[in-house]
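Every number here is computed from the coordinates shown, using simple stated rules; none is lab data. Since the model is a prediction, treat every value here as computed from it, not as a measurement. Heads up, the Cβs are rebuilt from the backbone with ideal geometry, glycines too, and the neighbour counts pull from every protein chain shown.
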Amino acid sequence: MGQVMGVYGALWGTLGSMGRVMGHTGLYGAGYGGHWALWGGLWALPHISPHVWGRESWFEDNHGAALECVGLAASTGPDAMMQLKVTAMMDANICAAINKRMQEPGAEVTPELIIAAMGGEIAPSLPFLTPQQNQHFGASLRRLDSVAQAAAARGVPLLMDAEQSYLQGALRLLTLALIGRHNRGAEPRVWSTVQAYVRGAEQVLAMEASWARRYGARYGVKLVRGAYLEEERLRAHKLGVPDPLHPTLEATHRSYGSCLELALSLVVQDQARLMVATHNEASVLQAAQRMEELGIPRRAGGVCFAQLYGMCDHVSLALGAAGFAAYKSVPVGPAREALPYLARRAQEHRQGALRGTAPERRLLAKELRRRLLPWR
Ligand SMILES: Cc1cc2nc3c(=O)[nH]c(=O)nc-3n(C[C@H](O)[C@H](O)[C@H](O)COP(=O)(O)OP(=O)(O)OC[C@H]3O[C@@H](n4cnc5c(N)ncnc54)[C@H](O)[C@@H]3O)c2cc1C
């Protein structure tokens, strides 16, 4: 392929202060033009170890690292993006408590309330948290808002990651609050993430988009399948609660397809921007073909694609060569934290839809290029 879309760089260890944050940042190839931009993001460690839990300094360090990542991403060019995990800024236990409360009748936590707390109009205090927890809650809101502000100031869209289902309601609440505060301009500055493996994902997407519209904010969404399958299944089994995820891979694929259709229809109505974040060739082809049918331009049409660093480069390369906006997400941080993260992704990759031998992958790449570049 003549037009290589990206130069991959492992930037681990370049950010000393990212010590306890799994950062990731990716190189984005703009296809034919040969201009490259960096997509940067932060991934907090998925499990907070007991000896750091509750220590404000851990979250403060992560905050510093997130701000550094904004600068790093911005320094690479105008198309940079960045990912952020809420649980790197706020204790997962507080998120879980908020999430639980939100499911109770008459729950008083709404995005509007968080917006007011972030803006300093009301005290960042929730009646069901202890004074110490409320202090942490307030500090976490400041951290989240400050990263969003820094990213907006540097023109780096901030993609808020989706995490476990028992946190996700709270994470959505915080994400919508950031969307309400920062997405009043022409383009979304803060993006949400929707996980298609969750039952009712399509309704979640529709609800978020409609909340943003009502609030007068722009909406951007990263559409993924979901990364916590085994943990979610185990938890549901252990607690004897209903499994929040679709029962089969096929059901998740169908859900991804319908979320994609919905998101693309919102893009056409100028009510959303979409990142198709998947390694699944069928989803990539569905998105590319529907964009064609709906008349959405390949570049600057409000839709981009993303794959993780080192995974499915044949998909990213074919997309870049065909003129689509395609991102690679690359981990940044100390090797001791980046390697376990990559190992988990590699294992997931083997279990996913894209297993196969090298010759099979070469054939898939060829077929993908043939369909995306029919004139070649
Ligand atoms: C750029 C980028 C950003 C991401 N950000 C996030 C994020 O914020 N949050 C997050 O959770 N994940 C995130 N992910 C990971 C993503 O959710 C998937 O885990 C990963 O991409 C694999 O799914 P796939 O669509 O690429 O492909 P596939 O290989 O086609 O699908 C594998 C996925 O299908 C689902 N699945 C597999 N078996 C079953 C089953 N038996 N029943 C039901 N479902 C099943 C699982 O979600 C599994 O990950 C991100 C991925 C990318 C590329």
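For the peptides 321-328, 58-65, the ranking by mean Cβ contacts within 10 Å, running from highest to lowest, is 321-328, 58-65. Ranked by the mean number of other Cβ atoms within 10 Å of their residues, highest first, the peptides 143-156, 279-292 come out as 143-156, 279-292.
Near the amide H of TYR327, within less than 5 Å, lie the amide hydrogens of PHE305, ALA306, GLN307, all on another chain or at least 5 residues away, with H placed in the peptide plane. Coupling constants for the stretch 131-143 follow from the phi torsions by the Karplus curve (6.51 cos²θ - 1.76 cosθ + 1.60, θ = phi - 60°), and in residue order they are x, 5, 5, 5, 4, 5, 4, x, 5, 5, 4, 4, 5 Hz; glycine and proline get x. Once both labels are positioned 7 Å from their Cα atoms along Cα-to-Cβ, the gap between SER210 and ALA343 label points is 4.5 nm. Is any residue of the stretch 91-125 close enough, with backbone N under 20 Å, to a label point placed 7 angstrom from the Cα of ALA153 along the Cα-Cβ axis, and if so, which? Under cut-off, by backbone N: 118-121. The equivalent ellipsoid that matches the C-alpha gyration tensor of the stretch 245-291 spans semi-axes of 20, 12, 8 angstrom, in descending order.
Here the spin labels are modelled as points 7 Å beyond Cα on the Cα-Cβ line, and at LEU249 and GLN132 they lie 4.6 nm apart.
Each residue, ALA107 and GLN271, gets one label point 7 Å from its Cα in the Cβ direction; the gap between the two is 2.4 nm.
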